[in-house]
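Note sheet for the following structure.
Read-outs throughout are calculated quantities, based only on the coordinates presented, and are distinct from any laboratory measurement. This one's a predicted model, so the numbers in the text were calculated from it and none came from an experiment. We place every Cβ from the backbone using ideal geometry, glycine too, and count neighbours over all the protein chains shown.
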Amino acid sequence: MKIIKTTKPVLADELEHFLNQELNPLFQERRHTEISFNIVNNDGAIEITNPELYDSFLYRIEILGNEMHVIKSEHYTDDVNSLTLEDILNNLFLEYPGRKKIKNIEDAS
């Protein structure tokens with residue numbers, strides 16, 4: 001799990017909207033594929049899924065005020081799509097909430 005601490009609260013609805021606009025086009029460009037992912041706000045946590053390819057979520061982003069807990073599914077750690085998503089998400093977090101609003105990023109187990 002990655003914990004991203006921000007200087008201001010992150011809003012799940014805004015993050016969901018941002019990821020819905022950005023994630024799939026970047027993934028498709030990077031992997032040269034038509035695979036796309038569902039990005040949904042599930043009770044304040046953003047889940048990234050593709051039920052056609054995976055039994056459960058690939059990533060879950062739990063929003064706790066000024067923290068985002070980015071949880072990577074343990075079932076798909078070496079999957080090329082999951083690794084590509086991880087790289088894209090890391091870059092997108094520098095855009096939203098933004099580099100200046102990120103206080104700290106740490107890896108937790």
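Let me spell it out: the conditions are (1) touching a helix residue (DSSP H, G or I) at 6+ places or on another chain (Cβ under 7 Å); (2) of a type outside the set (V, I, T); (3) under 16 Å from I3 (Cβ atoms), and L64 meets all of them except one. Which number is the exception?
(1)
Within the stretch 22-41, take every residue that is outside any loop (DSSP other than H, G, I, E, B) and free of Cβ contacts under 8 Å to residues at least 12 places away in the same chain and give me the one that is surrounded by the most Cβ atoms within 10 Å (Cβ to Cβ).
Q28
Against the conditions (1) farther than 25 Å from K103 by Cα; (2) in contact with a helix residue (DSSP H, G or I) (Cβ under 6 Å, 6 or more places away or on another chain), where does I46 fall short? Just the number, please.
(1)
Report every pair of residues separated by at least 6 positions or lying on different chains whose Cβ atoms are under 8 Å apart, first residue within the stretch 1-21 and farther than 12 Å from Y96 by Cα, second small (G, A, S).
Pairs found: M1/A108; M1/S109; K2/A108; I3/A108.
Quick one: how many residues across the stretch 46-98 are more than 10 Å from the chain's Cα centre (by Cα), part of a strand (DSSP E or B) and either more than 20 Å from A12 (Cβ to Cβ) or aliphatic (A, V, I, L, M) (or both)?
Qualifying residue count, the stretch 46-98: 2.
Looking only at the stretch 42-60, how many residues end up being exposed (fewer than 14 other Cβ atoms within 10 Å of the Cβ) and among the aliphatic types (A, V, I, L, M)?
Qualifying residue count, the stretch 42-60: 1.
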